[in-house]
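Scroll down for the structure; my scribbles are underneath it.
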Amino acid sequence: MIGLIVRRFIQLLLLLLGISFLVFMSMHLAPGDPATVIGGPTATASDLEAIRKDLGLDRPVLVQYVDYLGGILHGDFGYSFQTNQSVSDAIITRFPNTLKLATASMVVAVIIGIIAGILSAMKQNSWIDISSTTFALAGVSIPNFWLGTMLILIFAVNLQWLPVGGLSSPIYTIEGMKQLILPAITLGTASAALIARMCRSAMLEVIKSDYIRTARAKGVKQKSVIWIHALRNAMIPVVTVIGINFGGLLGGTIITEQVFAINGVGRLMIDAIAARDFPVVQGTVLLVAAIFVIVNLIVDIIYAFIDPRISYD
Amino acid sequence: MEQLLQVDNLVTQFRTAKGKLKAVRGISFSVKAEETLCIVGESGCGKSITSLSIMGLLPSNGEISQGSIRLGNEELVGKSDERLREFRGNKMSMIFQEPMTALNPVFTIGFQLREPLRIHKNMTKKEATAKSIDILTKVGISSPEKMLNQYPHELSGGMRQRVMIGMALACEPSLLIADEPTTALDVTIQAQILDLIDTLKSEMGMGVVFVTHDMGVVAEVADRVMVMYAGEVVEVGTVDELFSNPGHPYTKGLLAAVPNVDDVDQDLSIIPGSMPSLDDQITGCRFHSRCPYAMDVCKEKTPPSFKVSGTQEVKCWLQEVDNNGKSTTSSGSGEIKEILSN
């Protein structure tokens, strides 16, 4: 197990190195100049030159990259061209909102997905099954900016049950919870649908297996047959989907944050891309990539707990 | 001795796209305590469905549409699944063909062994663990404490089948149903498992229903034998009667198909044709199209069961001819000798 974690950590470092290079190069090679954004429409050519010199953008790209890497090794991810705030501070202040949103969405997705999946597998071809598979199909098909807008329209504007947007109140307050509900549903629906489909097919597969018949032959109660004997076996493929989705959710909060005016990493990234704010873009992309790898490592560790046949030694 | 298991006129059918099809067609039999009844027949003859019907473990599209199954004084047919659950693993148990897949891969042997004890005997975890160690010792496991913490994938097939047997017998049931428990095992392990079942049967005074298609196994374990063909019982008798004086042409065919180790030049006899499928409409005897002795009456009328002795019954018109004075019983054994010598 420790070997696995060490191996993955080395992989993570190599991956981040590669990603940082790609992002750095693509930002510098892409059209658009941060100096013109900062200087504004009235800036003269010498103004722009001064800004570039000030930001260090006049040096060769590779030199800038090596300089950037050197900074990272000291924990310095650079400073925002726009606000001069340090990139790590900018991310640290916004990341909790993104994490809250992604976690709440995942909780919604896992609860709805697993329950819907199990019920539809247990009552195959019943109305429960049909409505749950229809929901799953709709869930993956509906774009989340549309779903978010509709939810705001119905529950915030018309019914006025929930706030329109923002995520400023702390999570443990009623207001904070209320603010999370609509964004979490918006972001979690597609994942819930995927989890439900995976869970249904895995359960259908598992309940046909010999060991389920053995459990019933022992006189195990139907409920325990499903929730203990079958579910744990069916969870192996489901956990994979949950892991991949959670990584995706953390990186994919951009649209939902935009729709619900949530000040998270997604919005930070979008604003930075628009303003050619290179250090912020690089920092946020590296964060998302690192999270993806770490979540996948956690999934691999969970596998070993669910299925004793999986060993990393 | 009083019957432990009494099955009368059992009909089990399946809902399929082709309508309701009968897999078991009105069979009756009984098992006493400390007796082993072997159910033999080809794949698809209904022997496994019969055992699943008794256990109440039919697939969701299967149902018992007629008949009665009595275990001791309790009628099982018509009981709710929840009531039957109290019998399963407690008063009647079942072991299956595939020890490699019959144990849950994600739980320890200890968890799976304690389960029936905790459910049916309301034991605490500690009591159930102690009992589990007892059981594993009984089924011939040398280091039971260690095995409790192992997972099925860490054990060999023979070990897993021992664990399965231990699990089935944990609550000391009065009836054990063994559905081809040795088919998937090596021959040497087979003999050990058969011995084990036999020993435990006498120790615990259980009745055993042993489903198999292996005549060698039948000779080894059976007190009585019931031969099934296409959902019906075609012959039942003691193991001696069946081997020395088989009455039904199908039984003779099965016996003739057993290889003989002493005869290296032997050509194995086969029963021509194959088992009819569930939706085949057959008039008369269900075996007539494959029977070397089929007469006109066999194609028209279903034969009743003819009593050959106090313990042997044969469902074949040839037996009626017998009763009318012609000695086809001896010619019957003549035939089998003939088949064997071919």
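Every number here is computed from the coordinates shown, using simple stated rules; none is lab data. Keep in mind that what you see is a predicted model, and the values were worked out from it rather than measured. Note that each Cβ is placed from the backbone with ideal geometry, even for glycine, and that neighbours are counted across all protein chains shown.
Overview of results
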{"quantity": "Relative contact order %, chain A, counting alpha carbon pairs below 8 Å whose residues are six or more apart", "calculated": "27"}
{"quantity": "Amide hydrogen neighbours beyond the local backbone of B:Ala23, cut-off 5 Å, H modeled", "calculated": "B:Thr12, B:Gln13, B:Phe14"}
{"quantity": "Cα-based radius of gyration of the stretch A:205-287 once divided by 2.2 N^0.38 Å, which approximates compact folds", "calculated": "1.88"}
{"quantity": "Euclidean distance of C-alpha centroids, the stretch A:1-61 and the stretch B:50-79, integer Å", "calculated": "73"}
{"quantity": "The stretch B:115-150 and the stretch A:86-131: distance between their alpha carbon centers, rounded to Å", "calculated": "40"}
{"quantity": "Backbone N within the stretch B:36-77 under 11 Å of label point (7 Å from B:Thr311 Cα along the Cβ vector)", "calculated": "B:36"}
{"quantity": "Over chain B: Rg over Rh, Cα atoms, Kirkwood Rh", "calculated": "0.99"}
{"quantity": "Average Cα contact separation per residue, chain B, under 8 Å, 6 or more apart, as relative contact order %", "calculated": "19"}
{"quantity": "Entries of A:Lys223/B:Lys138; B:Lys32/B:Lys126; B:Lys20/B:Lys91; B:Lys91/B:Lys146; A:Lys223/B:Lys79; A:Lys218/B:Lys138 with Cα pairs more than 25 Å apart", "calculated": "A:Lys223/B:Lys138; B:Lys32/B:Lys126; B:Lys20/B:Lys91; B:Lys91/B:Lys146"}
{"quantity": "Nearest 10 degrees, 0 to 90: helix A:61-73 Cα axis against chain A principal axis", "calculated": "60"}
{"quantity": "P(r) of the protein assembly as shown over all Cα-Cα pairs, binned every 20 Å from zero, in whole percent", "calculated": "15, 34, 25, 17, 8, 1, 0"}
{"quantity": "Shape box of the stretch A:125-218 [Cα atoms, principal axes, largest first, Å]", "calculated": "53, 30, 18"}
{"quantity": "Prolate/oblate/rounded label for the stretch B:1-90 (Cα gyration tensor, a/c 1.5)", "calculated": "oblate"}
{"quantity": "Among beta bridges that DSSP assigns inside the protein assembly as shown, antiparallel share in %, nearest 5", "calculated": "65"}
{"quantity": "Cα coordinate range in chain A, projected on the principal axes (Å, largest first)", "calculated": "84, 57, 34"}
{"quantity": "Whole-Å distance, taken between Cα centres, linking the stretch A:194-247 and the stretch B:155-219", "calculated": "29"}
{"quantity": "Cβ-placed point charges (K, R +1; D, E -1), dipole of chain A about Cα centre in debye, nearest 20", "calculated": "1700"}
{"quantity": "Candidates A:Arg267, A:Arg213, A:Arg52, ranked by Gaussian network fluctuation over chain A, Cα under 10 Å, top entry", "calculated": "A:Arg213"}
